[in-house]
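See structure below.
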Amino acid sequence: MEEYRSCARRAAAVAAVLALSWSSVTASAADRRPRILLSDDDGIGAPGLLAAYAELARVGDVTVAAPAENQSGVCHGITYAEPIMMREIEPLVRVPGQSGKWYRIVARPATCVRLALASLLPEAPDLVVSGINHGDNAGLTIYASGTLGAAREAAFDGIPAIAASQVVDREMDYTPGAAFLGRFAAVVLHHGGLPRGTFVSVNFPAGAIKGVKVVPHAMSAGTNSYERRESPRHETYFWNVWTEPSDPGLDTDVGAIAHGYVAVTPLRVEVNDAAAMRELEGWHLK
């Protein structure tokens with residue numbers, strides 16, 4: 001009986017220690033600042049990224065892993081079959097408290113994020129943010145955007161991700177958009193992230209922000225034309241001329257930003273077409 005009581009006392013002591021340890025871990029997890037990874041496609045020194053960093057640093061501990069140079073329009077391109085040069089640099093934005101590391105990477109945006117997730121970060125971030133891009137990524141330009149590619153890469157792993165872009169104008173004041181981005185990041189983290197496989201495209205209008213619209217992306221890609229030209233060596237080349245998509249309404253991202261609203265557009269990694277699958281099954285392919 002005494003041996004039983006001794007075992008019981010030891011078990012109770014172990015349980016107490018485990019309970020204390022678990023409460024300490026839980027408190028530590030609750031008290032720590034969120035971990036945020038920041039990238040873009042305009043390059044690590046781009047004004048949009050610097051503005052985003054200043055606001056996100058108020059929300060959590062921000063690590064930057066961004067391309068060394070401009071990578072606009074590379075969509076979800078990746079860098080492979082060549083060395084990926086990386087250099088840690090001094091923070092380009094000074095904020096109160098401890099700063100996260102800044103990695104300058106010679107790679108495309110999606111690869112910058114993948115390298116950070118696989119090799120640079122000690123643990124997965126709570127949120128990945130890409131941007132703020134110089135120029136909106138509304139309509140079908142979401143498929144051409146390196147900014148979206150970086151966010152999508154994080155969503156592949158189920159990590160909440162935001163791609164932020166701003167309409168080009170003469171002033172290019174990123175302050176209002178960056179402030180919204182910081183608030184939105186805090187809300188996403190407060191709600192425990194996003195549904196797995198979801199990432200969000202956020203487009204800011206030029207000038208003052210009237211409000212926020214949660215809308216789908218427009219099904220317009222704008223207009224691409226190609227001017228035929230001749231070089232001084234009498235060689236023929238073409239120059240791309242692109243006109244942005246337009247939408248008079250407020251029910252798409254294109255229309256919302258045209259009317260001065262922030263367009264918030266949730267997107268999914270999963271793009272299978274269930275209806276078409278059922279249709280093709282009826283074709284009895286052999």
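The values are calculated or read from the model by the stated rules, or taken from the named source; none is laboratory data. Only a predicted model underlies this, so the values are computations on that prediction, with no experimental measurement involved. Cβ atoms come from the backbone with ideal geometry, glycine included; neighbour counts cover every protein chain shown. We work out accessible area using only protein heavy atoms, side chains counted, and drop any ligands, DNA or RNA first. Shrake-Rupley method; radii C 1.70, N 1.55, O 1.52, S 1.80 Å.
On the given criteria, is Asp136 within 20 Å of Ala107 (Cβ to Cβ), in contact (Cβ under 8 Å) with a residue 40 or more places away in the chain and of a type in the set (Asp, Glu)? Break it down into steps so the answer makes sense when it comes.
On the way: within 20 Å of Ala107 (Cβ to Cβ): no; in contact (Cβ under 8 Å) with a residue 40 or more places away in the chain: yes; of a type in the set (Asp, Glu): yes.
In short, no.
Taking strands (runs of 3 or more DSSP E) that do not extend beyond the stretch 216-270, which have at least 2 residues that are of a type in the set (Phe, Trp, Tyr) and modelled with pLDDT of 95 or more?
Details: elements: 223-230, 236-243, 261-268.
Ranges flagged: 236-243.
Given the options Tyr80, Tyr103, name the one that is over 26 Å from Val167 (Cβ atoms), aromatic (Phe, Trp, Tyr), touching a Ser or Thr at 6+ places or on another chain (Cβ under 9 Å) and open to solvent by 40 Å² or more (accessible area, probe 1.4 Å). Working first, answer last.
Details: Tyr103 fails: open to solvent by 40 Å² or more (accessible area, probe 1.4 Å).
Exactly one of Tyr80, Tyr103 is over 26 Å from Val167 (Cβ atoms), aromatic (Phe, Trp, Tyr), touching a Ser or Thr at 6+ places or on another chain (Cβ under 9 Å) and open to solvent by 40 Å² or more (accessible area, probe 1.4 Å), namely Tyr80.
When both residues are 6+ apart or on different chains and their Cβ atoms are under 7 Å apart, which pairs have a first residue that lies in the stretch 66-87 and is without any contact (Cβ under 8 Å) to a residue 40 or more places away in the chain, and a second that is open to solvent by 80 Å² or more (accessible area, probe 1.4 Å)?
Close Cβ pairs satisfying both conditions: Ile78/Arg108; Thr79/Arg108.
Which of the residues belonging to the stretch 157-177 are surrounded by fewer than 24 Cβ atoms within 10 Å (Cβ to Cβ) and in contact (Cβ under 8 Å) with a residue 40 or more places away in the chain? Let's see the steps before the verdict.
From the stretch 157-177, those surrounded by fewer than 24 Cβ atoms within 10 Å (Cβ to Cβ) are 157-159, 167-173, 175-176; that's our starting set.
The answer is Asp157, Ile159, Val167, Met172, Thr175.
Surrounded by 17 or more Cβ atoms within 10 Å (Cβ to Cβ), among the aliphatic types (A, V, I, L, M) and closer than 24 Å to Asp136 by Cα: is that true of Val202 in this structure? It would help to see each step written out before you state the result.
On the way: surrounded by 17 or more Cβ atoms within 10 Å (Cβ to Cβ): yes; among the aliphatic types (A, V, I, L, M): yes; closer than 24 Å to Asp136 by Cα: yes.
It is true that Val202 is surrounded by 17 or more Cβ atoms within 10 Å (Cβ to Cβ), among the aliphatic types (A, V, I, L, M) and closer than 24 Å to Asp136 by Cα.
Would you check if there is a residue in the stretch 198-214 being modelled with pLDDT of 95 or more, under 20 Å from Leu148 (Cβ atoms) and not in a strand (DSSP E or B)?
yes
This table checks each residue for (1) touching a Cys at 6+ places or on another chain (Cβ under 9 Å); (2) open to solvent by less than 70 Å² (accessible area, probe 1.4 Å); (3) at pLDDT 95 or above.
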position	(1), (2), (3)
Ala16	no, yes, no
Ala27	no, yes, no
Leu38	no, yes, yes
Ala46	no, yes, yes
Gly73	no, yes, no
Gln98	no, no, no
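Given (1) out of contact with any Gly (no Cβ under 6 Å at 6 or more places or on another chain); (2) open to solvent by 70 Å² or more (accessible area, probe 1.4 Å), identify the lone condition not met by Gly260.
Evaluating Gly260 over (1) out of contact with any Gly (no Cβ under 6 Å at 6 or more places or on another chain); (2) open to solvent by 70 Å² or more (accessible area, probe 1.4 Å) leaves (2) as the failure.
Within the stretch 120-132, can you find the residues that are under 16 Å from Pro67 (Cα atoms) and open to solvent by 30 Å² or more (accessible area, probe 1.4 Å)?
Leu120
In this structure, does Ala185 turn out to be open to solvent by 10 Å² or more (accessible area, probe 1.4 Å), in contact with a helix residue (DSSP H, G or I) (Cβ under 8 Å, 6 or more places away or on another chain), in a helix (DSSP H, G or I) and not charged (D, E, K, R)?
On the way: open to solvent by 10 Å² or more (accessible area, probe 1.4 Å): no; in contact with a helix residue (DSSP H, G or I) (Cβ under 8 Å, 6 or more places away or on another chain): yes; in a helix (DSSP H, G or I): yes; not charged (D, E, K, R): yes.
The answer is no for Ala185.
Identify all residues within the stretch 168-205 that are hydrophobic (A, V, I, L, M, F, W, C) and more than 21 Å from Val59 (Cα to Cα); write none if there are none.
First, the residues of the stretch 168-205 that are hydrophobic (A, V, I, L, M, F, W, C): 168, 172, 178-181, 184-189, 194, 199-200, 202, 204.
Scanning the stretch 168-205 gives Val168, Met172.
Taking His190 and the conditions (1) in contact with a Leu (Cβ under 8 Å, 6 or more places away or on another chain); (2) without any contact (Cβ under 8 Å) to a residue 60 or more places away in the chain, which numbered condition does it fall short on, given that it satisfies the others?
For His190, the exception is condition (1).
Within the stretch 48-66, track down each residue that is in a loop (DSSP other than H, G, I, E, B) and either open to solvent by less than 30 Å² (accessible area, probe 1.4 Å) or closer than 14 Å to Pro125 by Cβ (or both).
Of all residues in the stretch 48-66, those in a loop (DSSP other than H, G, I, E, B) come to 57-60.
Ala57, Val59, Gly60 - these are the residues of the stretch 48-66 that are in a loop (DSSP other than H, G, I, E, B) and either open to solvent by less than 30 Å² (accessible area, probe 1.4 Å) or closer than 14 Å to Pro125 by Cβ (or both).
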